[in-house]
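Contents: one structure, followed by commentary.
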Amino acid sequence: MNEYLYSTVFVVSFAFISYLVIRKSGTIKNEKEFSVAGCSLTSTQVSWVIIGTLVGGVSTIGTVQAAYDHGVAAWIFTLGSGISCLVLGCFFAVALRREGVVTVSEFLGHYFGQRFQYYSSFFNSLGMFIHIIAQTLAAMAILQSVFNFSQGVSIGITTGLMAMFVVSGGIAGAGIVGKIKFFMLYGIMIFSAFLAVQKGGGFQEILARLPREGQFLNFFSYGVKSTLFDFGSMIVGVLSTQIYLQAIFSAKDIKQARNGAFLSAAVIPPIGLLGIIIGLYLRAYYPELEGNSAQALPFFFKLILPQGLAALFSAGLLLVVLGTGAGLVLGVTTNLYMDGIRKVIKFKKQKNCLFVIRCCALVVLSASSILVFTGLDSAILKWSYLSMGLRGASVFAGLCVVILMDSWKGSPVIRAILYMLPLVYLLLGSGGYA
């Protein structure tokens, strides 16, 4: 009965959501509508796209996992995301939307040349690709917890669902998924955090039961240097990621772009705090999860919630993860097509353009799934910080020069530094988070 209930909830939930996304795909006629929704999004729609791709497995499963292992340091991702969106609205949205481009690398190419456009696009895409792996790992954690699927089956289902979301709906589909995700996610996390406090006898009781040898209330619990490195990587990474900036490019006008970034800045950080409450509760009362903390949030659902509600929450959480993965795939695909394929091949028909873009998305998804089979580390946040830092190194400095230091754009020294930054970051690593 338990397995039947979970299966039924999952099938019904995804059938309904898939219908909403696929229905939108019928209105997409050309590559501009697929990539930037014809530059027609309102501020709330811009925010749905950002939330739909930025808030995923890392903000939920990864944050609860990190809170279980390290305490309040788990807030780095969602707090950094909020600060990044605030900075995006204050300083970057106006210049980016005014330029009328589709990719951030194309924007930089206008100032540093076409070679740098290709160069930054490659590293930006690589950074997003790493984050797709993190979302795949998070989705696998849910499927294995609910269904006890094998690794191969979990990867296959994850890949298929992500493909459905990204291939059918484009940027508009990402916005639809983001809107659904927002309401589901806030409902899930608020209710779960409330239950955690209630079951734990109050927040003070939870804190009193935490292991004394841990530093769970220390924001720098795994080292000041590593924490600052990860926090910095997080902030600049968001400001450098194609899919988040693609939401700005898709806005109806500059005002809608800025307000969409500000709305995202307000609603993302609280999600992390809710995840921390859940993670600390599990650490206090279920120390046996140590060593398998990636399963912490799915474990909480199955343990605490009524059977039907646990199934619904798990399905909603899977949607959250898949939506983020699909958005990142869309970002990589847009870079590959707009900064690469379109420059080499000139398509005569818009249908051919859409077909090629969708094929690129399937190739990106297949490649990420194959890499998961190599036994990648399951520390979801570690992969995400590496991803964010690499994106930041390839794009953020160039954006700052163009937008904030206009007189330095022509300097050959600046250009040389911009070329070196991604390579230097890869040599330094991801800051030591484990």
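Where a number appears in this text, it was derived from the coordinates with a stated rule and is not lab data. Since the structure is predicted, the reported quantities are computational estimates derived from the model, not experimental observations. Heads up, the Cβs are rebuilt from the backbone with ideal geometry, glycines too, and the neighbour counts pull from every protein chain shown.
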Matching label for the computed percent of Cα pairs over 43 Å apart, out of [x] 9; [y] 47; [z] 55, is [x]
Just name one of Ala163, Ile268, Ala193: the one whose Cα is farthest towards the positive end of the charge dipole of region 39-428 (beta-carbon charges, Lys/Arg +1, Asp/Glu -1). Ala163
Let me check I've understood the local charge: for Phe300, count other residues with C-beta under 13 angstrom from its C-beta, Lys and Arg +1, Asp and Glu -1. What total comes out? +3
Got a sec? Which residues in region 63-100 would a label at Ile403 touch, if it sits 7 Å along Cα→Cβ and we count backbone N under 15 Å? 81-100
Degrees separating the helix 2-25 axis from the principal Cα axis of the chain, which is the longest one: 20 degrees
Additional length obtainable on full extension of the chain from Lys255 to Thr8, 0.36 nm per residue less Cα span: 84.6 nm
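What net charge is computed for the residues neighbouring Tyr285, neighbours being all others with C-beta under 11 Å from the C-beta of Tyr285, Lys and Arg scored +1, Asp and Glu -1?
Values: positive: Lys199, Arg209, Arg283; negative: Glu205, Glu288.
With Lys, Arg at +1 and Asp, Glu at -1, the net is +1.
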Let's test the formula: R0 of 51 Å, r as the Cβ-Cβ distance of Ser411 and Phe355. What FRET efficiency results, to the nearest 0.05? 0.75
Neighbour-count order for Asp339, Asp406, Asp230, fewest beta carbons within 10 angstrom listed first: Asp406, Asp339, Asp230
What is the distance in Å between the Cα centroid of region 48-64 and that of region 111-169? 13 Å
Can you put Trp48, Trp75, Trp408 in order of Cβ neighbours within 10 angstrom, beginning with the fewest? Trp408, Trp75, Trp48
With +1 at each Lys and Arg Cβ and -1 at each Asp and Glu Cβ, the charge dipole magnitude of the chain around its Cα centre, to the nearest 20 debye, comes out at 1360 debye
Hey, rough spin-label estimate for Leu228 and Ser40, points 7 angstrom out along Cα→Cβ, what's it come to in nanometres? 4.8 nm
The chain: most fluctuating residue of Gly327, Gly127, Gly109 per GNM, C-alpha cutoff 10 Å: Gly109
Kindly state, to the nearest 0.05, the FRET efficiency for Glu205 paired with Asn292, given R0 = 30 Å and r defined as their beta-carbon distance. 0.75
Would you mind computing, in nm to one decimal, how far apart the modelled labels at Ile341 and Leu303 are, each placed 7 Å from Cα along Cα→Cβ? 4.5 nm
Cα-Cα longer than 28 Å, checked against Lys181/Lys343; Lys32/Lys255; Lys181/Lys225; Lys179/Lys409; Lys181/Lys302; Lys225/Lys302, kept in input order, equals Lys181/Lys343; Lys181/Lys225; Lys179/Lys409; Lys225/Lys302
What residues qualify as long-range amide H neighbours of Phe149, i.e. H under 5 Å apart, gap of 5 or more or another chain, H built at 1.01 Å from N? Gln144
